[in-house]
Each structure stands twice: as structure tokens, then as C-alpha cells.
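Novice: Provided herewith is a single structure, encoded as C-alpha cells, for subsequent inquiry.
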Amino acid sequence: MARGARGRVARLAGLGAGALALVTLLGGCDVGSAFGGFGWPEGGVTPQANRMYDLWIGSVIAALAVGALVWGLIFWCVVRYRKRGEQLPVQTRYNMPMEFLYTIAPILVVCVLFYYTAVVQTNVDETNNDPNKVTVEVVGFKWNWQFNYRDGAGEDANTVASTLGSSDVIPVLVLPTGRRIRFEETSKDVIHSFWVPELLFKRDVFPGNIRNVFEVESIDQEGAYVGRCAELCGTYHSMMNFELRAVSPEKYERFMQAKRDGATTQDALRAIGEEPLATTTEPFDTKRTVSNFNPSGGE
């Protein structure tokens, strides 16, 4: 190989190594917080949510690095090979190292992104047989929610306590921190979607025999988080809200005991020192009045 060709290969290798070092350096910094998550919501409260956030930040940093490299090469070519006269340069010349770079590099980028996406997606969809997990059956209906606390997984399990929402009372789903949680979803009528923004995840709720399932390793932070329906399901879709209340495992056990003893969700929440009603959203007004349906007052 000629000395000039070897020099070009060395420069390209150095450029690639520099770009890789830059991506690695930036990936170790809290770049996401400095730039508002690059459009991805911050504040996830589960390990899966944090992994999805990290995947997004890494992908954006890689895209920015590739973009900077491409634009740098474009401007370098504009300056280096600008017109110097009326004679056209040779049109059949090729640069083997450069062609190798722009053929192999995109394949490597796609393979790396595919690998990490598959790893995170597999983790998010993973379920296991942990006997200590909390199982909740999520039932969607027009236009509210019912949450059934179950003694096991699957349709054959028994409901030991339940919370039913209404137009007057927002349903509060009480769950413990630090324990694996299984959500089993079904609908009474049309397709809904179970979504808590802080989980950075949502999954459709189907009617019929389809029973969607997903699990989270744990909820890491106590607090109240608004939940919504994320699938257009009818007139009051936008007001089909609920609240996820994450409490300590001790409070959760006391809450469940109160429910087993016949207490309402509100009374059980009072018994563990929590607000009895939702704090993140409000009940909706159906506006089903005589004046609303018959404003003229006539037949």
C-alpha cells in the first residue's frame, strides 16, 4: 500500500476513534438533564423507565456525533475540493478507504442501536414467576377504571380487594415501592390504554379474550402519579383519569388489610395516613343536564 493511502487510512481510523471516545465521554455525563432529556420525559420511577431513558440519551448522542462527522466531512470537501479553474477533475477516481468507511460505518451504527434496543425492549417486556409480586387486574370501561387486587397471576386468580372509579370519585391505585408489580389488562367495551407518564410506558387495554400483561421491577419513589387513558375511546376519553399512589410496603400491607376488612378505598387511605382522594387530577363533569341536552326547553 502506498504511503499516501496508509496515511489516509490512519487519519480515518483516528477520526473514528476520536468520535467513539467523544460518544463514550458524553455518555458518562448527565447530558440528558442538561438538555431537558432531548425531548424524552425525565423523572421515571421504575428501573425499566430509567433504562429506556438511557437508551434514548445514548441514541441521541450517537446521532449527534454522526451528524457532526457528516457535516464536518461536507464542509471539508467544500473547502478542499473547491473549484480552482475551468478544467473538470477526473470523474472516475475512487477512494477505497473512504468508500469502505461510509459503507461499513452505517452498518455498524445500525447493528449497535439494534442490539441495545433489543436488550432494553426484552427487559421491559420481561415477566417472571416471583411469588412475592403484587398482581393488579386493570379493567377499563367507558369512561373510568376498576383495579382488582389479585392473589395470583392469570384469569383463574381470585380478587381479594377492588377499587372502582366513578364520575364523582377518581380511582386511586395503591401500590408498594420496592416490589415487583404485575399488571393484567382487560376492557369491558372498547380499546383503552393504561398510561402513567412516570412509568415512561403504556400498553393498550383490549376487550374480549385478549389479556395484555406487563410488569415493572419496582416503583422506586413514593408519591402520587396521575394516570390516563392514552387511546381515543369516546366522548370522555380525555377525562378518563386515575391516580397511582406509591406507598411504603408497610403502608401497603395495612391498606390491603383495611380493604379486606371491608373498608372503602378512601377509608383505607385515611387509615394509613394518606390523602383519601386523588391529588393529581379531578373528577370530570359529565354535563348531562336537561339544559345541556335540550337547551330550548321544547319537545
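Novice: For the range 64-78, check the following and say yes or no: at least one residue is open to solvent by less than 60 Å² (accessible area, probe 1.4 Å), touching a residue at least 24 places away in the same chain (Cβ under 8 Å), in a helix (DSSP H, G or I) and of a type in the set (Val, Ile, Thr).
Specialist: No: zero hits.
Novice: Identify, from the list THR127, THR117, the residue that is open to solvent by 50 Å² or more (accessible area, probe 1.4 Å), in contact (Cβ under 8 Å) with a residue 60 or more places away in the chain and not in a helix (DSSP H, G or I). Working first, answer last.
Specialist: Details: THR117 fails: not in a helix (DSSP H, G or I).
Of THR127, THR117, the one residue that is open to solvent by 50 Å² or more (accessible area, probe 1.4 Å), in contact (Cβ under 8 Å) with a residue 60 or more places away in the chain and not in a helix (DSSP H, G or I) is THR127.
Novice: Can I ask one more? How about the range 142-180: which of its residues are more than 18 Å from ALA278 (Cα to Cα), of a type outside the set (S, T, N, Q) and surrounded by fewer than 19 Cβ atoms within 10 Å (Cβ to Cβ)?
Specialist: LYS142, ASP151, GLY152, ALA153, GLY154, GLU155, ASP156, ALA157, VAL160, GLY178, ARG179, ARG180
Novice: For the range 223-238, how many residues meet the condition of being farther than 14 Å from ASN144 by Cβ, open to solvent by less than 60 Å² (accessible area, probe 1.4 Å), in contact with a helix residue (DSSP H, G or I) (Cβ under 8 Å, 6 or more places away or on another chain) and of a type outside the set (A, V, I, L, M)?
Specialist: Count: 1.
Novice: Check ARG82 against each of (1) part of a loop (DSSP other than H, G, I, E, B); (2) modelled with pLDDT under 80 and name the one condition it does not meet.
Specialist: (2)
Novice: Let me spell it out: the conditions are (1) under 21 Å from the mean Cα position of the chain (by Cα); (2) open to solvent by less than 50 Å² (accessible area, probe 1.4 Å); (3) under 22 Å from MET240 (Cα atoms), and TRP195 meets all of them except one. Which number is the exception?
Specialist: With (1) under 21 Å from the mean Cα position of the chain (by Cα); (2) open to solvent by less than 50 Å² (accessible area, probe 1.4 Å); (3) under 22 Å from MET240 (Cα atoms) applied to TRP195, the lone miss is (2).
Novice: Take ILE210 and decide whether it is in contact (Cβ under 8 Å) with a residue 40 or more places away in the chain and not in a strand (DSSP E or B). Full working, then the answer.
Specialist: Working: in contact (Cβ under 8 Å) with a residue 40 or more places away in the chain: no; not in a strand (DSSP E or B): yes.
In short, no.
Novice: Look through ASP285, ASP204, ASP220, ASP189 and report the one residue that is touching a Lys or Arg at 6+ places or on another chain (Cβ under 6 Å) and either open to solvent by less than 60 Å² (accessible area, probe 1.4 Å) or at pLDDT below 95 (or both). Write out each step before concluding.
Specialist: Working: ASP285 fails: touching a Lys or Arg at 6+ places or on another chain (Cβ under 6 Å); ASP204 fails: touching a Lys or Arg at 6+ places or on another chain (Cβ under 6 Å); ASP220 fails: touching a Lys or Arg at 6+ places or on another chain (Cβ under 6 Å).
Testing whether each residue is touching a Lys or Arg at 6+ places or on another chain (Cβ under 6 Å) and either open to solvent by less than 60 Å² (accessible area, probe 1.4 Å) or at pLDDT below 95 (or both) leaves just ASP189.
Novice: Outside any loop (DSSP other than H, G, I, E, B) and either under 25 Å from the mean Cα position of the chain (by Cα) or touching a residue at least 40 places away in the same chain (Cβ under 8 Å) (or both), is that true of ALA153?
Specialist: Answer is no for this residue.
Novice: Do we have PHE242 as part of a strand (DSSP E or B) and farther than 20 Å from LYS133 by Cα here?
Specialist: Yes, satisfied.
The values are calculated or read from the model by the stated rules, or taken from the named source; none is laboratory data. The structure displayed is predicted, hence computed values, not measured ones. FYI the Cβ positions are ideal-geometry reconstructions off the backbone, even for glycines, and counts take in every protein chain you see. For the accessible areas, the whole protein counts, side chains as well, though only heavy atoms, and no ligand, DNA or RNA atoms are used. Shrake-Rupley method; radii C 1.70, N 1.55, O 1.52, S 1.80 Å.
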